[in-house]
Amino acid sequence: MFFNAFIIALREIRRNLTRAFLTVVGIVIGVAAVVTMVTLGRGATEVVKAQISNIGSNLLILRPGQGWGHSGAPMFNKSDLRTIKDQVPGIHALAPFVNTNVPAVHLDNVRNTDIQGTTSNYFEIANWKIAMGRFFTDAEVLEGASVCVIGETIRKELFGKGVDPIGGKIRCKGMSVVVVGVTAVKGQGGFGDDLDDNIIVPYTTLQRRLTGQAKKDNINQIMISGETGYPTANIVADVSSLMRERRGLTHNEENNFSVFDSLQLADAISSSTRVMTSLLGWVAGVSLLVGGIGIMNIMLVSVTERTREIGIRLAIGARAREVLLQFLVEAVTLSCVGGVTGIALAYVFCSLGAEAVGAPFLFDPKINLIAFVFSAAIGIIFGFMPARRAASLDPIEALRHE
Amino acid sequence: MIPRATPPPPTATGVVFEARKLRKVYHTGELDVVALHGVDLELNAGELVCLLGASGSGKSTLLNILGGLDVPTSGELIYKGWQLDGSREETLTLFRRNCVGFVFQFYNLIPSLTARENVALITGISLDPMTSEEALEMVGLGARMDHFPSQLSGGEQQRVAIARAIAKRPEVLLCDEPTGALDVTTGITVLEAVERINRELGTLTVVITHNAVMSEMADRVLYLSDGKIVNSHRNETRLPASQLKW
Ligand SMILES: Nc1ncnc2c1ncn2[C@@H]1O[C@H](COP(=O)(O)OP(=O)(O)O)[C@@H](O)[C@H]1O
Ligand SMILES: [Mg+2]
């Protein structure tokens, strides 16, 4: 009975193909848009999350100045480092970070890159893994040894394929260092920057050999990792008030430093994704509502057109509820055809869009299923009124209908 | 009351319909139209009855009431001992579904279904149907089963409608001007189909016509005028439908 109703529904759709197409366009667009956006959004979020965890997942960075520019804002020093370590609770480890951009040379190969000076626990704080050789040690930091750990990009650019870089010499202006290790590939950072394009040396070495005499003691940034489970927001607050105190800022002066919290960034990203998703939900709701009204409209037209048919069915003994079922099945078939088309279209959009956006296409059965169930529900809800109108027709009146 | 599942068993003889003082009044606005004016009637199993009368004399109204499509305003209507007047719509639906086959003037097939599927509309919902194929064979359309109504001539469409009506093996076959929209030759093929059903299945058959010639194929002819049966006569012999001329 259901199956028969379904077959007849398909026939009716085929008989009025153009009309059926126009009717379901709303639902097709609604479903396709939502499934595409949600799928791509999820892919993008995953990418960003992975990038953030590349930087280090509960990593705090103390920077001079506000925002990204920090011209004029005072730098940090060793004493800041020590005080934060001693006075702020919840800190697992911290490391100074000094960097400068100079050309690095190995034999004939030159590359302008980021030379980063730090201590050995930076590797743990910033979630670095070793691919070849080793990290440098605390002792090497203390004595300002001429050693470095390089990223994969530097290895490729300076040493080339198939050459073992360990023991190789790199010269950066007045500083000459020996490669002791190569870090495992991290790929892109949160802002699309190449995380493997750097040379990491003991900060003591960098301060002594590369930076000018005047800024010798300057530390550009302080990297802090929180204890797992300890709220990073507390660390941010404590570090901020400590630094304000050390810098003698009065209550109406703004911070001349900032604390970047990777966890907060992750939260911000996922909450903005949530906002996007709920916004999309509304857009979807509206377009599905419009689609549903389209279906209701066309089903009412269909009931009028097929009044005689309904009359015949009732006259030969079909029950009202059988007629109701027939029209309901037709409405649901129509809306499901729309839903399935929308899902298929979304699949195409996602495959094309994933490359354009640079996010992976993570096929999510759940959102597809939800979209399908939703479109079926639209058919039931908006098909019910026309179907009931059909079922309540008087057979004689219906038969007389021209 | 008609029982829910099983209709009364078909009987070869005996009274099928018994109507007394049937009245039907249509209320349209301020005007009351009296379509039936006290009809008394008895129809027996296996009979082929012709209803003759001018247009507007109440033939369709009477047929619709007999078939449970419409209800009388007053009067009594007994179907094999079951009182039909005053029945609930649900009961009438079951009566139509299980006991009555209808054929209308305008074939009234569903255009999106093939001949076979149009007939299957009935075989799908009735108690002891013949197959669509059997029914279509009986009206001589065995070869056209998978054609859509638009691919069939008027006479062929009407024969599909007859096949649909009789596929449920109804106790009663009611035809409202089945040849009204057809030319003579095709009209005769349709009447032959009706005659064959009546003869082979023993189905009580009522055929409305306003063409007196057609009444020669009937056992009995009832004349309606102004909502009353004004005359009736019994034919000594039935003329085969194929020999009708008009
Ligand atoms: N639904 C209706 N509403 C009002 N009047 C009707 C209706 N159906 C039939 N009539 C009237 O009842 C009378 C009998 O109609 P009908 O039974 O169709 O006659 P016939 O079939 O013999 O031509 C006519 O006067 C017709 O106008
Ligand atoms: Mg009539």
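The values are calculated or read from the model by the stated rules, or taken from the named source; none is laboratory data. Keep in mind it's a predicted model, so treat the numbers as computed, not measured. Reconstructed Cβ throughout: ideal geometry from the backbone, glycine too, with neighbour counts over all protein chains shown.
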Legend entry - Pairs where the first residue, in the stretch A:374-400, is within 14 Å of chain B (Cβ to nearest Cβ) and the second is within 16 Å of ligand 1 (Cβ to nearest atom) and among the charged types (D, E, K, R), C-beta under 9 Å, 6+ apart: A:PRO395/B:ASP70; A:ILE396/B:ASP70; A:ALA398/A:ARG308; A:LEU399/A:ARG308; A:ARG400/A:ARG308
Legend entry - Given (1) part of a strand (DSSP E or B); (2) closer than 12 Å to B:VAL49 by Cβ; (3) out of contact with any Gly (no Cβ under 8 Å at 6 or more places or on another chain), number of the condition B:ARG238 does not satisfy: (1)
Legend entry - Failed item in (1) in contact with a helix residue (DSSP H, G or I) (Cβ under 7 Å, 6 or more places away or on another chain); (2) without any contact (Cβ under 8 Å) to a residue 40 or more places away in the chain; (3) crowded, with 23+ Cβ neighbours inside 10 Å, with A:ARG319 passing the rest: (3)
Legend entry - Selected residue [at pLDDT 90 or above, of a type in the set (Lys, Arg), surrounded by fewer than 21 Cβ atoms within 10 Å (Cβ to Cβ) and in contact with a helix residue (DSSP H, G or I) (Cβ under 6 Å, 6 or more places away or on another chain)] from A:ARG111, A:ARG134: A:ARG111
Inset, instruction - Could you tell me whether the stretch B:69-90 includes any residue that is within 14 Å of ligand 2 (Cβ to nearest atom) and either modelled with pLDDT under 90 or more than 30 Å from B:PRO240 (Cβ to Cβ) (or both)? - result: yes
Legend entry - Options B:LEU52, B:LEU36, B:LEU43; residue that is away from ligand 2 (no atom under 16 Å from the Cβ), at pLDDT 90 or above and either under 18 Å from A:ILE396 (Cβ atoms) or part of a strand (DSSP E or B) (or both): B:LEU43
Legend entry - Exclusive hit being more than 29 Å from A:ILE29 (Cβ to Cβ) and in contact with a Ser or Thr (Cβ under 6 Å, 6 or more places away or on another chain), set A:ALA318, A:ALA398: A:ALA398
Inset, instruction - Using the structure shown, decide if B:ILE197 is within 14 Å of chain A (Cβ to nearest Cβ) and under 20 Å from B:ALA135 (Cβ atoms). - result: no
Legend entry - Matching residues, the stretch B:167-179, being within 16 Å of ligand 1 (Cβ to nearest atom) and either away from every other protein chain (no Cβ under 14 Å) or buried (at least 24 other Cβ atoms within 10 Å of the Cβ) (or both): B:LEU174, B:CYS175, B:PRO178, B:THR179
Inset, instruction - Report yes if B:LEU69 is part of a loop (DSSP other than H, G, I, E, B), buried (at least 22 other Cβ atoms within 10 Å of the Cβ) and not charged (D, E, K, R), otherwise no. - result: yes
Inset, instruction - Could you please find all residues in the stretch A:362-375 being part of a helix (DSSP H, G or I) and surrounded by fewer than 16 Cβ atoms within 10 Å (Cβ to Cβ)? - result: A:PRO365, A:LYS366, A:LEU369, A:ILE370, A:VAL373
Inset, instruction - Give the residue, chosen from A:GLU330, A:GLU305, that is surrounded by fewer than 21 Cβ atoms within 10 Å (Cβ to Cβ) and of a type in the set (Asp, Glu). - result: A:GLU305
Inset, instruction - Only residues that are more than 16 Å from ligand 2 (Cβ to nearest atom) and not in a loop (DSSP other than H, G, I, E, B): list them for the stretch B:167-180, please. - result: B:VAL172, B:LEU173
Inset, instruction - Output the number of residues of the stretch A:339-358 satisfying the condition of being farther than 10 Å from A:LEU40 by Cβ and buried (at least 17 other Cβ atoms within 10 Å of the Cβ). - result: 7
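Would you check which residues across the stretch B:51-109 are of a type in the set (D, E, K, R) and within 16 Å of ligand 1 (Cβ to nearest atom) and list them?
Residues satisfying the conditions are B:LYS59, B:ASP70.
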Legend entry - Top-ranked residue in the stretch A:30-43 [being crowded, with 19+ Cβ neighbours inside 10 Å and among the aliphatic types (A, V, I, L, M); ranked as nearest to the other protein chains (Cβ to nearest Cβ)]: A:VAL31
Inset, instruction - Please give the helices (runs of 4 or more DSSP H) falling wholly within the stretch B:100-166 in which 1 or more residues are crowded, with 20+ Cβ neighbours inside 10 Å, within 11 Å of chain A (Cβ to nearest Cβ) and charged (D, E, K, R). - result: B:115-123, B:154-166
Inset, instruction - Kindly list the number of the only condition in (1) assigned to a strand (DSSP E or B); (2) surrounded by fewer than 21 Cβ atoms within 10 Å (Cβ to Cβ); (3) within 14 Å of another protein chain (Cβ to nearest Cβ) that fails for B:GLU76. - result: (3)
Inset, instruction - Mind listing whichever residues of the stretch B:70-83 are under 19 Å from B:SER60 (Cα atoms) and in contact (Cβ under 8 Å) with a residue 60 or more places away in the chain? - result: B:LEU77, B:ILE78, B:TYR79
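Condition check ((1) surrounded by fewer than 19 Cβ atoms within 10 Å (Cβ to Cβ); (2) in a helix (DSSP H, G or I); (3) touching a Lys or Arg at 6+ places or on another chain (Cβ under 8 Å); (4) within 14 Å of chain B (Cβ to nearest Cβ)) across all residues:
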| position | (1), (2), (3), (4) |
| --- | --- |
| A:LEU265 | yes, yes, no, no |
| A:SER271 | yes, yes, no, no |
| A:ARG274 | yes, yes, no, no |
| A:VAL286 | yes, yes, no, no |
| A:LEU289 | yes, yes, no, no |
| A:GLY292 | no, yes, no, no |
| A:ILE310 | no, yes, no, yes |
